[in-house]
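Encoded as structure tokens, the structure appears first; notes follow it.
The values are calculated or read from the model by the stated rules, or taken from the named source; none is laboratory data. Computed from a predicted model, the values in this text were never measured in an experiment. Positions of Cβ are backbone-derived with ideal geometry, glycine not excepted, and every protein chain shown enters the neighbour counts. Please note that ligands, DNA and RNA were not included when accessible areas were found on the heavy atoms of the full protein model with its side chains. Shrake-Rupley method; radii C 1.70, N 1.55, O 1.52, S 1.80 Å.
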Amino acid sequence: EHRAHGALSGRVVLMEDYVEKFRQADALAQNILRLTRNTLLVNLRFLDLALSQFQLTSYPGTLATDGQHLFYDTYYVLSMYKRERGRNVRDYLHIVLHCVFRHLFTSANIDRRCWDLACDIAVESAKRAFIEAVKLAGGEL
């Protein structure tokens, strides 16, 4: 009985360590996303309302939105930032542009695959144009 209690206690400590490490990682991911948003705000001020609309919400996957929340995977954000800092900026801008162009709002009779592809093409084109304009102005995204 004493031995079982000790093993359970050890598991609880390990779980508490895991939870604390996740909280720290998540706080860092949120800071990265705020830095990402601020980088875009400095360089694309006219998108201020669109950039500031999201509530950050941790969720497994990559990055996504429903128009109100920016769903992010903590470890995805951290790994992308570590691999290439500009990736989070481009991904965030991609999501914002989908909202600006109202791509989330469709009718039921639309071919979803074609719509998603067309929207991604439009967003990537606009994103490239914004990035080039920022570079020409001496900024960086």
Inset, instruction - Using per-residue counts of other Cβ atoms within 10 Å, averaged over each peptide, order 102-111, 26-35 from highest down. - result: 26-35, 102-111
Inset, instruction - State whether the range 68-140 is rounded, prolate or oblate according to the following rule on the C-alpha gyration tensor (a ≥ b ≥ c being the square roots of its eigenvalues): a/c under 1.5 gives rounded; otherwise a/b larger than b/c gives prolate, and the remaining case gives oblate. - result: oblate
Legend entry - Helix runs (DSSP H) in the chain reaching 15 Å along axis by Cα, Kyte-Doolittle at least 0.0: 112-136
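How much of the accessible area of the chain, probe 1.4 Å, is carbon plus sulfur, in whole percent? If you can, show how the numbers build up before the last one.
On the way: 5370 of 9540 Å².
Here it works out to 56 percent.
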Legend entry - Label-to-label distance, nm, for residues given as Asn31 and His94 (7 Å Cα→Cβ offset): 2.6 nm
Legend entry - Cβ-based net charge around Asp120, under 15 Å, with every Lys or Arg adding one and every Asp or Glu removing one: +2
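Tell me, what is the percent relative contact order of the chain, built from C-alpha pairs under 8 Å that lie six or more residues apart? Mind showing how you got there, number by number?
On the way: 118 pairs, mean separation 29.7, N = 141.
RCO, the chain: 21 percent.
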Legend entry - Using a Förster distance of 30 Å, the FRET efficiency for Ala50-Tyr75 (Cβ separation, nearest 0.05): 0.70
Inset, instruction - Mind giving me the nanometre distance, one decimal, between the label points for Arg113 and Val42, set 7 Å out from Cα along Cα→Cβ? - result: 4.3 nm
Inset, instruction - Send over the per residue convex hull volume for the chain, Cα only, as a whole number of Å³. - result: 142 Å³
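Rolling a 1.4 angstrom probe over the protein heavy atoms, how many square angstrom per residue are accessible across the chain?
Values: 9540 Å² over 141 residues.
Ligands and nucleic acids excluded, the result is 68 Å² per residue.
To the nearest 0.05, what FRET efficiency results for Val19 and Asp66 with a Förster distance of 22 Å applied to their C-beta separation? Walk me through the numbers before you get to the answer.
Values: r = 27 Å, r/R0 = 1.21.
For R0 = 22 Å, the calculated efficiency reads 0.25.
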Legend entry - Student exercise, the chain dipole from Lys, Arg, Asp, Glu Cβ charges, in Debye to nearest 20: 280 debye
Inset, instruction - Under 13 Å from the Cβ of Val100, count the other residues' Cβ atoms, weight Lys and Arg +1, Asp and Glu -1, and hand me the total. - result: +1
